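Before any comments, here is the structure.
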Amino acid sequence: MGTLQSFQVLARQRGFTEINKSGGGTVVWLGRRAPDTARETYQRMCIDSLTKSATIYWMTVPGDLKSRTFRDVPALHDWFELRLEIPEQR
């Protein structure tokens, strides 16, 4: 299985659904609404076939946009696992 398909499989396993594809088919946008108890909401993922990468965007509070780019699937998987272990701070 190719890297881009692997990114999509992992994203779907983590609750992301496809929102949009670019006209040329080089970019796929996925989205996920985090549970109300999660501190990170409005999550989006861009899987880019030109750069062979996946970038996650999220907001912890309105106006505080964060992102992280991954070049391989194991790194994205590890990041998801670490995000689950971080305690919520208020």
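From the list Gly2, Gly23, the lone residue that is loosely packed, with under 12 Cβ neighbours inside 10 Å, of a type in the set (Gly, Ala, Ser) and modelled with pLDDT under 75 is Gly23. Number of residues in the range 18-28 that are in contact with a strand residue (DSSP E or B) (Cβ under 6 Å, 6 or more places away or on another chain) and either closer than 15 Å to Asp78 by Cα or polar (S, T, N, Q) (or both): the value is 1. Residues in the range 62-76 that are of a type in the set (S, T, N, Q) and surrounded by 13 or more Cβ atoms within 10 Å (Cβ to Cβ): 1 in all.
Among the candidates Ala34, Ala75, which residue alone is modelled with pLDDT under 90 and either on the phi > 0 side of the Ramachandran plot or aliphatic (A, V, I, L, M) (or both)? None of the other options fit; the residue is Ala34.
Among residues of the range 61-85 that are in contact (Cβ under 8 Å) with a residue 60 or more places away in the chain and farther than 20 Å from Thr51 by Cα, those with a beta-carbon under 8 Å from a residue that is of a type in the set (A, V, I, L, M) and surrounded by 11 or more Cβ atoms within 10 Å (Cβ to Cβ) at least six positions away or on a different chain give the pairs Phe80/Leu10. Take the conditions modelled with pLDDT of 90 or more and either surrounded by fewer than 11 Cβ atoms within 10 Å (Cβ to Cβ) or of a type in the set (A, V, I, L, M) (or both) and apply them to Met59. Does it pass? Taking the combined requirement at face value, the residue does not satisfy it.
The values are calculated or read from the model by the stated rules, or taken from the named source; none is laboratory data. These figures come from a predicted structure and were not determined experimentally. Here the Cβ is made from the backbone with ideal geometry for all residues, glycine too, and neighbour counts use every protein chain on show.
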